[in-house]
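Have a look at the structure below, then the notes.
The values are calculated or read from the model by the stated rules, or taken from the named source; none is laboratory data. In this text, all values refer to a predicted model and were calculated from it rather than measured experimentally. For neighbour counting, all protein chains shown are included, and Cβ atoms are generated from backbone atoms with ideal geometry for every residue, glycine included. Calculation scope for accessible area: heavy atoms of the full protein, side chains included, ligands and nucleic acids excluded. Shrake-Rupley method; radii C 1.70, N 1.55, O 1.52, S 1.80 Å.
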Amino acid sequence: LKLRILATTDLHMNLVDYDFVRDEPDEERGLNRTAALIEAARAENPNSILVDAGDLLQGSPMGDVVARDLPQKEGEIHPAYLAMNILKYDAVAIGNHEFNFGLELLERAQIGRDFPVLAANAYRLNPDGTPGETLFPASVILERQFKDETGAERTVKIGVIGVLPPQIMNWDKDKLDGKITTGDAVEAVQREAPKLKADGADVVVVLSHAGISGAPRQGNDENFSAYLATIDGVDAVV
C-alpha cells in the first residue's frame, strides 16, 4: 500500500489568486489554485493525506483585515480554516507567525475547524511558571481506510506530530511572555514518536515548521528539521 503525503506550508493567508497590495489578479498565488493540484494528486493516488506545516494566519492584507478590522463574530469560521475544511485537510502544524496577532486571536481562530492543529513543543504555563500542558495537542493518530495493491480495504493508522521554532518566545515576546513557553522540538518528537507507535501507528509523520541546518545540534535549535529525520520511529518529515 503506497501512502501519498500532500503538503502545503507558509500559505500566509494567500487564499485566493489576487494581489491585494496591487489590487489586481495574480495567477502565481492562491490556495484556490493549489486546490486544483490537490484534486489531481488525490485522483492519482486516493491513499493520501493532506497536511500543512504552518504560517497560515498572517502575511497578506487579508490576514490583517481578518485579525484587526473584521474579527470573527460568534459562530464564524476563520476564512483560512474554512478553506482548509473545504479541502479536507487532515492535520495542520502551528508556525511562528501564527502568534503575531497574539494568543487571543489564535485561539479564537480555532472555532469551527474540522481537523487537528498540532504543536508538541509549545506549552501553557502552570501557576508556578513551569511548563504545563501543550498549547495545542502534541500529536494525533489519523485512522484512514485505504486500498492496498490487491484492492483489499486496509485500516492505516498515521501518527502526526507538529513542532515549531522555540524562538517564538523571542520573536513575539511582548505577546507571549508570562502566558506560554516553548521547548526543544527534537526532544518533543523523541517524546511523542514512541507514544504514537505504542498506540498502534503504522507510520509517523512530523510536520516541522523549521528549516534545515548542517551544523551539529545545540538544543533549542531554530532550524531543526534534519535532526528529526534521525529519530527512531519517525518515518517522514514535512
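For the reader, a short list of remarks on this structure follows.
- Residue match in segment 105-115 (condition: open to solvent by 40 Å² or more (accessible area, probe 1.4 Å), farther than 25 Å from E222 by Cα, of a type in the set (A, V, I, L, M) and in a loop (DSSP other than H, G, I, E, B)): yes
- Residues in segment 1-38 that are within 30 Å of T155 (Cα to Cα) and touching a Ser or Thr at 6+ places or on another chain (Cβ under 6 Å): R4, L6.
- Any hit, segment 143-152, residues being at pLDDT 95 or above and within 14 Å of I94 (Cβ to Cβ): no
- Hey, Q218 of a type in the set (S, T, N, Q), in contact (Cβ under 8 Å) with a residue 24 or more places away in the chain and open to solvent by 10 Å² or more (accessible area, probe 1.4 Å) or not: no
- Pick from segment 162-204, criterion part of a loop (DSSP other than H, G, I, E, B) and of a type outside the set (D, E, K, R), ranking: nearest to D90 (Cα to Cα): A201
- If the condition is being hydroxyl-bearing (S, T, Y) and either assigned to a loop (DSSP other than H, G, I, E, B) or touching a helix residue (DSSP H, G or I) at 6+ places or on another chain (Cβ under 6 Å) (or both), then segment 205-238 contributes S208, S213, Y227, T230.
- The set of residues in segment 149-165 that are open to solvent by 30 Å² or more (accessible area, probe 1.4 Å) and either farther than 30 Å from L1 by Cβ or in contact (Cβ under 8 Å) with a residue 60 or more places away in the chain (or both) comprises E149, R154.
- Test set (1) surrounded by 16 or more Cβ atoms within 10 Å (Cβ to Cβ); (2) closer than 20 Å to L57 by Cβ; (3) polar (S, T, N, Q) - S139 fails condition number: (2)
- Single residue of segment 166-214 satisfying the filter (open to solvent by 50 Å² or more (accessible area, probe 1.4 Å) and among the small types (G, A, S)) that is nearest to I49 (Cα to Cα): A198
- R144 being open to solvent by 20 Å² or more (accessible area, probe 1.4 Å) and closer than 17 Å to P116 by Cα: yes
- The set of residues from segment 127-136 being among the hydroxyl-bearing types (S, T, Y) and surrounded by 12 or more Cβ atoms within 10 Å (Cβ to Cβ) comprises just one member, T134.
- Helices (runs of 4 or more DSSP H) enclosed by segment 3-99 - at least 2 residues per element that are modelled with pLDDT of 95 or more and not hydrophobic (A, V, I, L, M, F, W, C): 31-44, 79-87
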